[in-house]
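One structure, pasted below without further comment.
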Amino acid sequence: MSIERHNQPMPFEQKSEKDVPNDTYYQGPAGEDIQPREEETLRALKSRQISMIAIGGAIGTGLVIGSGTSIARSGPGSVFIAYCIMGVVCFGVLLALGEMSTKYPTKKGFAGHGTRCVDSAFGFATAVIYLCKYLILSPNQIVAGSLVIGYWNQSINKAVWVTILIVFVIAINTLGVKWFGEVEFWLSFIKIITLTGLILLGLIIDLGGVPGQDRLGFAYWKHGRAFKPYKSTGDTGKFLGWWNAMVLALFAYTGSELVAITVGEAKNPRKTVPAAIKKTFFRIIFFYIFGILIIGMVVDSSSPLLAQAAKAGTSGGASASPFVVAIKAAGIKVLPSIINACILIFTISAANSDQYVATRTLYGMAMDGHAPRIFRKCTKRGVPWVAFMFTGCFMGLAYLVSSADALKIFNYFVNTVTILGGLTWVSILSSHVAFMRGMKAQGIDRDTLPYKSPFQPYLTYFSLVMIVLVCFFKGFDAFIPWDYKTFITNYIGIPVYVIAYVGYKLFYRTKAVKMHEMDLTSGSREFFDIDDEDHEDLHYQTLTWKEKIVYQIKNW
């Protein structure tokens, strides 16, 4: 069966005799068009791994350390409201991804959804900003790891720790997706155990469970400390404080979308992706919303300790975490060093997953025809080795840590991560709006989707409006007073996004996809075993009750 392609021309895509024609499909048992398998990368990620990676990718220094800066600037009330709103937006992004990724479980990433539903130029711009984000993030996490190690030893040059961390990341990523999935599962598992322990400890401290300390309750929310003014006074200052908390909350949540990157290497994405998204919803409520509520209850936003921690940032290691500030205020010893070790694991996990995402994003661009075909080349273990070599070179930026001036310049680049992450969410939600409009124009019922998410289309529209507002006004503090460096780092992602889109569109003369011509059938299935019972389910049935308990704990 041959289907006409309405996609725009793919400039880097050149077919050879060995290639399977992209317009060749076979009729599946359910009447769907089945495209032949692409076996470059391997579908080896298990359900528990994808589920853990989904939340582990989002839990990082932004929550454990960056939340301290947010509370110091804005107050616990503003931060709590901001995390609730951005939590809804984050969930909206995940639901949008869930619908599109389960319908089209391709290896092109969510940029491929932009190409299919909006415009080839739109897909290219989406991939460019997402790639830029992770080319910066990976070395940044390695820098953060070396600084965290400095909590114990300042005498050894940090470049030594950078080298060790880079070697570790290279080793895990080159061993193949099975090794990556398993290592990232356990690192993310440690993250979740650590954060759960910190939240419970914070609750104990708040309820007066520490000897010699009274119950705190909401004592730190009284006398105007819940909503602190920022950059101004009065109600205007409190509003700006809340808006700054919104920006920092966006930074804390970005990374949740990486579950869509794993779709191309998931054993059964139509089962694992929706399950991961559903679990992520409850984890967002517990780890982010409940967690930030507890932090705001046990840390005084006006505390000198918190002010010092916020100023130190990641370079302060465990001492920069608001949890540690609360622990010190409660007079608990030893724990800060243990937490520092856990924060080191946070940074190693983040560096590992960020490098994975950077590589798969470039690989996805090549699969989508937006990068040279050479980046499609993979090893027998399913590792896109050419793409990995290219993106891995950027980890060398981490050596800037050995020079204070160079590190300062690098940190300016890091400040652009939030806008790049925000624009990525804008692209995902815009693609989903176009996807839903295309289905409506072609008379396709949403009930036919493999995964139909709730609250649609309203949640996608709400999330899109909110994220556009945050991206547009995120750099307001650059004007109070005027600071051109802050302005550039806050908004440089927008011209990169626009130039990538307009430049591609003008050069290749692409046209926007028409709703009634949108290709909503091809590529909806790239593998034949979707309906088969998963081997993991069969294995679960053979386990003893003790083994089933362990299995359920691992899969939570």
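What follows is calculated from the coordinates using simple rules that are stated; it is not laboratory data. All values derive from a computational prediction rather than experimental measurement. Cβ placement follows ideal geometry from the backbone for every residue including glycine, while neighbour counts extend to all protein chains displayed.
Residue-wise, which Karplus ³J(HN,Hα) couplings in Hz belong to segment 434-450, taking 6.51 cos²θ - 1.76 cosθ + 1.60, θ = phi - 60°, and x for glycine or proline?
5, 4, 5, 5, x, 4, 5, 5, 9, x, 8, 6, 5, 5, 7, 5, x
Given the options 490, 336, 77, identify the residue whose Cα lies farthest towards the positive end of the charge dipole of segment 47-516 (+1 on Cβ of Lys, Arg; -1 on Cβ of Asp, Glu).
490
Which far-off residues, 5 or more places away or on another chain, put their amide H under 5 Å from the one on residue 207, with H placed in the peptide plane?
Hits under the 5 Å cutoff: 216.
Please report the Cα spread of segment 47-516 along all three principal axes, rounded to whole Å, starting with the longest.
Principal-axis extents of the Cα atoms in segment 47-516, largest first: 67, 48, 45 Å.
Another question about this same structure. Distance check, please: which entries in 178/380; 271/440; 103/278; 133/271 exceed 21 angstrom between their Cα atoms?
As for pairs spanning more than 21 Å Cα to Cα, those are 271/440; 133/271.
Considering the alpha-carbon set of segment 383-514 alone, what are its Rg and its Dmax in angstrom?
19.6, 60
For segment 124-136, in order, what is each residue's ³J(HN,Hα) by Karplus, 6.51 cos²θ - 1.76 cosθ + 1.60 with θ = phi - 60°, in whole Hz (x at glycine and Pro)?
Going residue by residue, I get 5, 4, 4, 5, 5, 5, 5, 5, 4, 4, 7, 5, 8 Hz, with x marking Gly and Pro.
Normalised by the residues of segment 47-516, what does the relative contact order come to in percent, with Cα pairs under 8 Å and at least six apart?
Reported as a whole number, the value is 34 percent.
Calculate one ³J(HN,Hα) per residue across segment 503-518 by plugging θ = phi - 60° into the Karplus curve 6.51 cos²θ - 1.76 cosθ + 1.60, and present them in order as whole Hz with x for glycine and proline.
After applying 6.51 cos²θ - 1.76 cosθ + 1.60, I find x, 5, 5, 6, 6, 9, 6, 6, 10, 5, 6, 7, 4, 7, 10, 4 Hz.
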